[in-house]
Amino acid sequence: MTPDDVRTIALGLPEVTEGDHHGRTAYRLGTRVLATQWTGTQLNVLVDESTARAAEGGPCTLLFWGAKLSGVRVDLATASPDLVAELLEEAWARRAPARLLRERRTD
């Protein structure tokens, strides 16, 4: 997967925007960061602890912010598009307001 592939998936989610986050590309829902393109081959996706632990292994390693588990770092060279899409969807769903969740379920 490439950063352009990630961009396509992320921006396909309702109301997600792309912008800068400390010099890196970030995908946000409102003001909340869903993911950051850490390097050309690494994507940090901010998911809850249970999702992060379930995804750990293979292309995903646990991502910590200080002592707090904050998501997963995905190796795009080995990750499938389906895995990246699933993780981005999880990150989106945990930050989406009820209105967007309802709209997404009826699509």
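Just to be sure, is Leu69 of a type outside the set (D, E, K, R), part of a strand (DSSP E or B) and buried (at least 21 other Cβ atoms within 10 Å of the Cβ)?
Values: of a type outside the set (D, E, K, R): yes; part of a strand (DSSP E or B): yes; buried (at least 21 other Cβ atoms within 10 Å of the Cβ): no.
Judged against the criteria, Leu69 is not a match.
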Among Glu90, Glu86, Glu103, the single one that is surrounded by 14 or more Cβ atoms within 10 Å (Cβ to Cβ), out of contact with any strand residue (DSSP E or B) (no Cβ under 9 Å at 6 or more places or on another chain) and charged (D, E, K, R) is Glu86
Filtering the range 19-66 down to residues that are in a strand (DSSP E or B), under 15 Å from Glu86 (Cβ atoms) and without any contact (Cβ under 8 Å) to a residue 60 or more places away in the chain yields Ala35, Leu43, Val45, Gly57, Cys60
Scanning the range 13-29 for residues that are at pLDDT below 95 and surrounded by 13 or more Cβ atoms within 10 Å (Cβ to Cβ) gives His21
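Could you count how many residues in the range 19-76 are of a type in the set (Asp, Glu) and more than 15 Å from Arg94 (Cβ to Cβ)?
Of all residues in the range 19-76, those of a type in the set (Asp, Glu) come to 20, 48-49, 56, 75.
Imposing the further condition that a residue be more than 15 Å from Arg94 (Cβ to Cβ) reduces the set to 20, 56, 75.
Of the residues in that region, 3 qualify.
Collect the residues in the range 77-107 that are among the hydrophobic types (A, V, I, L, M, F, W, C), closer than 26 Å to Glu15 by Cβ and more than 12 Å from the chain's Cα centre (by Cα), keeping them in residue-number order.
Listed by number, the residues that qualify are Ala79, Ala96, Ala98, Leu100, Leu101.
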Tell me, yes or no, whether the range 79-87 has at least one residue that is closer than 20 Å to Val6 by Cβ and either in a loop (DSSP other than H, G, I, E, B) or in contact with a Lys or Arg (Cβ under 9 Å, 6 or more places away or on another chain) (or both).
yes
Return yes when Asp4 is in a strand (DSSP E or B), exposed (fewer than 14 other Cβ atoms within 10 Å of the Cβ) and more than 10 Å from the chain's Cα centre (by Cα) and no when it is not.
no
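Would you point out the residue of the range 31-61, among those that are out of contact with any strand residue (DSSP E or B) (no Cβ under 6 Å at 6 or more places or on another chain) and of a type outside the set (Gly, Ala, Ser), that is farthest from Thr17 (Cα to Cα)?
Step one: of the range 31-61, the residues out of contact with any strand residue (DSSP E or B) (no Cβ under 6 Å at 6 or more places or on another chain) are 31-32, 39-41, 48, 50-51, 53-54, 57-58.
Next cut, of a type outside the set (Gly, Ala, Ser) only: 31-32, 39, 41, 48, 51, 53.
On the way: Thr31: 9, Arg32: 10, Thr39: 19, Thr41: 20, Asp48: 21, Thr51: 23, Arg53: 27 Å.
So the residue we want is Arg53.
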Run down Pro59, Pro97 and say which single residue is touching an Asp or Glu at 6+ places or on another chain (Cβ under 8 Å) and of a type outside the set (Asp, Glu).
Pro59
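The values are calculated or read from the model by the stated rules, or taken from the named source; none is laboratory data. Computed from a predicted structure; not experimentally measured. Counting neighbours? That spans all protein chains shown, and the Cβs are built from the backbone with ideal geometry, glycine included.
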